[in-house]
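Chemist: Take a look at this one; I'll ask things after.
The values are calculated or read from the model by the stated rules, or taken from the named source; none is laboratory data. In this text, all values refer to a predicted model and were calculated from it rather than measured experimentally. Note that each Cβ is placed from the backbone with ideal geometry, even for glycine, and that neighbours are counted across all protein chains shown. Areas reflect the complete protein model, heavy atoms only, side chains present, ligands, DNA and RNA absent. Shrake-Rupley method; radii C 1.70, N 1.55, O 1.52, S 1.80 Å.
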Amino acid sequence: MTKLTLNQQSPAFLRDVADVHDMHRTLMSAYPELPPTATYRSAHGVLWRLDTVAPAGIVQYVQSHTAPDWARLPDGLLLKSAEVRSLQPVLDAIKAGRRFTFRLVANPTRCIRVENGAEKHQRVPLRQHAEQIAWLIGKGDQHGFVIPASRQGPPDVTASTIPRLIGKKRQPHPITIAPVRYDGHLIVTDPTAFTTALTTGIGRAKSYGCGLLSLAPTQTR
């Protein structure tokens, strides 16, 4: 796991923040080349997310199972050296019944039938808060965790809409992703499925800043 503190005034950041395809390309430049038949991002296990931190800074968290060479990033993109730590202690802590505080930026969508057009189905973002929470609960069933109830009764998680991610270079149709940030608590029910979700990501748009699940120990009183 790497924490990159980004220089928001650098030409590379200004280019990348305007087009998520460029951001993905810049990030992957730190990883070794692979044969053309390889799926580049998934082969290296790369997941990433942008977070805003006080005071008014932007950091990029990057997880992978291949060691990157951050010196290959564009000059001036980072405000300080990359901060790297092993994910192994987190993996070792995953056990059935273990409770974690988590953050996840995901791309919750549903498939609808298209009446007109060449495609019969289309994926659309979930806009309603209840739908976004239900999507995450469904992913928990798939990936070996549950969201416990809060003291007030509802699921112990908040869903916050964050700025859209735009990819202008995909032709003929640019991509627009409406990410949602989830913050809350979860309980592991299936360690094997949960470990897979942690290392491979949750949901769609993993190349574009979605799917990275971050964990921290739950504070107890």
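Chemist: Around SER150, which amide H atoms from residues at least 5 apart in sequence, or from another chain, sit under 5 Å from its own amide H, with H modelled in the peptide plane?
Modeler: ASP156
Chemist: Okay, next question. Label-point separation (nm) for VAL146 and THR189, each offset 7 Å from Cα along Cα-to-Cβ?
Modeler: According to this spin-label approximation, the distance is 0.6 nm.
Chemist: Could you run the Karplus curve 6.51 cos²θ - 1.76 cosθ + 1.60 with θ = phi - 60° over the stretch 180-197 and give me ³J(HN,Hα) per residue in whole Hz, x for Gly and Pro?
Modeler: Calculated HN-Hα couplings, in order: 10, 9, 9, 10, x, 10, 9, 10, 6, 10, 9, x, 5, 5, 5, 4, 4, 5 Hz.
Chemist: Would you mind calculating the gained length between LEU34 and ALA18 on full extension (0.36 nm times residue separation, minus the Cα-Cα distance), in nm to one decimal? Don't jump to the answer; show the numbers that get you there.
Modeler: Working: separation 16, 0.36 × 16 = 5.76 nm, distance 2.70 nm.
Gain on stretching LEU34 to ALA18: 3.1 nm.
Chemist: Oh, and also: For the chain, what does the relative contact order come out to in percent, with C-alpha contacts under 8 Å and a separation of six or more? Could the numbers behind the result be given before it?
Modeler: On the way: 413 pairs, mean separation 59.8, N = 221.
Relative contact order here is 27 percent.
Chemist: Here's another thing I want to ask about it. Given the rule -39500 (n - 2.57) for each run of at least 4 DSSP H residues, summed and divided by the residues of the chain, what is its mean residue ellipticity at 222 nm, to the nearest 500 deg cm²/dmol?
Modeler: -6500 deg cm²/dmol
Chemist: Something else now. Taking every pair of alpha-carbon atoms in the chain, what share in percent sits in each 5 Å bin, from 0 to the bin with the longest distance?
Modeler: Computed distribution, short to long bins: 1, 6, 13, 18, 19, 17, 13, 8, 4, 1, 0, 0.
Chemist: OK, next. May I ask you to give the percent of accessible area on the chain that is carbon plus sulfur, with a probe radius of 1.4 Å? Present the calculation step by step, with values, prior to reporting the outcome.
Modeler: Values: 6540 of 12310 Å².
Carbon with sulfur: 53 percent of the solvent-accessible area.
Chemist: Follow-up. Each residue of the stretch 126-140 in turn: what ³J(HN,Hα) in whole Hz from Karplus with 6.51, -1.76, 1.60 and θ = phi - 60°, glycine and Pro shown as x?
Modeler: With coefficients 6.51, -1.76 and 1.60, one gets 8, 9, 7, 4, 4, 5, 5, 5, 4, 4, 5, 4, x, 5, x Hz.
Chemist: Run the numbers on the stretch 7-86 and let me know its relative contact order in percent, using alpha-carbon pairs under 8 Å that are six or more apart.
Modeler: Numbers: 76 pairs, mean separation 28.4, N = 80.
It rounds to 35 percent for the stretch 7-86.
Chemist: Something else about it: Would you please give the residues with an amide H less than 5 Å from that of THR109, counting only those at least 5 places away or on a separate chain, with H modeled from the backbone geometry?
Modeler: LEU126
Chemist: Taking the highest mean first, how do the peptides 36-49, 87-100 order by number of other beta carbon atoms within 10 angstrom per residue?
Modeler: Numbers: 36-49: 15.9, 87-100: 12.9.
Going from most to least packed, we get 36-49, 87-100.
Chemist: Next up: Mind listing the phi-derived Karplus ³J(HN,Hα) values for the stretch 62-79, rounded to whole Hz, using 6.51, -1.76 and 1.60 with θ = phi - 60°, and x for any glycine or proline?
Modeler: Karplus values, whole Hz, x for Gly and Pro: 10, 10, 7, 9, 9, 6, x, 10, 5, 5, 7, 5, x, 4, x, 6, 9, 7.
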